[in-house]
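Below is one structure, written out as structure tokens, with a few remarks after it.
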Amino acid sequence: MNKKSQILTLAENKVRSGGYGNFSFRELADEIGIKSSSVHYYFRTKSDLGAELAHQYTDTFLSSLNDDKDKLVGSSAINLYINAFKTALDKDKQMCLCGLLGAQSDALPELVKIEIKRFFELNIAWLQQVYIEEKGLTVDHAKISAIRLLATLEGMMILAKVLDDITTFDSITDFV
């Protein structure tokens, strides 16, 4: 793994466990074993790093969903989507990066806000298409359903974390 990837991975873990304010360039550099100027070499500002984190997270999340969706046999892509959130909490013990940052959006730099908005817009569009394909919903109803599911999942991540009960995800049967 190259230094830029190490920086992004470490920063993502820190943000997902404590929010945007949970890291500094100096801390990242110390943990990786480089100078903080090396972090600045890849990312001029924390805002640049935060924006790239959210951009990369969005691309990776959607790419993984699309790859898994292409392999689906006899199952719903909606279930696949729900399980992506549940797995993040259950296996990785982490919140959705963009959901966590979205809750902090008033205090974030504009570059980061743009990328967080991109995550939500692309996820809504992905889900909207699934609702059209799988449920035969109209475009408008599919979008409403997509927004409802995404909002529910982000909220359930918070509840599951606070209540220390991953089984909260098992109650989302009305979306499938």
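The values are calculated or read from the model by the stated rules, or taken from the named source; none is laboratory data. Keep in mind the model is a prediction, meaning the values are calculated, not measured. Every residue, glycine as well, gets a Cβ built from its backbone with ideal geometry; the counts of neighbours run over all protein chains shown. For accessibility, only protein heavy atoms count, side chains too; no ligands or nucleic acids. Shrake-Rupley method; radii C 1.70, N 1.55, O 1.52, S 1.80 Å.
Scan the range 153-170 and report the pairs whose first residue is open to solvent by 30 Å² or more (accessible area, probe 1.4 Å) and whose second residue is at pLDDT below 90 and of a type in the set (Asp, Glu), with Cβ atoms within less than 6 Å and a gap of 6+ or a chain change.
Pairs found: ILE166/ASP90.
Quick check, is GLU115 modelled with pLDDT of 90 or more and open to solvent by 70 Å² or more (accessible area, probe 1.4 Å)?
Considered against the rule, which asks whether it is modelled with pLDDT of 90 or more and open to solvent by 70 Å² or more (accessible area, probe 1.4 Å), GLU115 comes out as no.
Residues checked against (1) at positive phi; (2) open to solvent by 50 Å² or more (accessible area, probe 1.4 Å); (3) of a type in the set (A, V, I, L, M, F, W, C):
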site: LEU8; (1), (2), (3): no, no, yes
site: GLU12; (1), (2), (3): no, no, no
site: ALA29; (1), (2), (3): no, no, yes
site: HIS40; (1), (2), (3): no, yes, no
site: ARG44; (1), (2), (3): no, yes, no
site: ASP48; (1), (2), (3): no, no, no
site: ALA51; (1), (2), (3): no, no, yes
site: ALA54; (1), (2), (3): no, no, yes
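Identify, by number, the condition in (1) assigned to a helix (DSSP H, G or I); (2) open to solvent by 70 Å² or more (accessible area, probe 1.4 Å); (3) within 26 Å of LYS14 (Cα to Cα) that GLU134 doesn't meet.
(3)
Has the range 40-53 got any residue that is touching a Leu at 6+ places or on another chain (Cβ under 7 Å) and of a type in the set (Val, Ile, Thr)?
Taking every residue of the range 40-53 in turn, none turns out to be touching a Leu at 6+ places or on another chain (Cβ under 7 Å) and of a type in the set (Val, Ile, Thr).
Using the structure shown, decide if GLY19 is at pLDDT below 95 and loosely packed, with under 14 Cβ neighbours inside 10 Å.
Answer is no for this residue.
For the structure I just gave you, tell me whether LEU127 is closer than 15 Å to SER47 by Cβ and outside any loop (DSSP other than H, G, I, E, B).
Spelling it out, it is not the case that LEU127 is closer than 15 Å to SER47 by Cβ and outside any loop (DSSP other than H, G, I, E, B).
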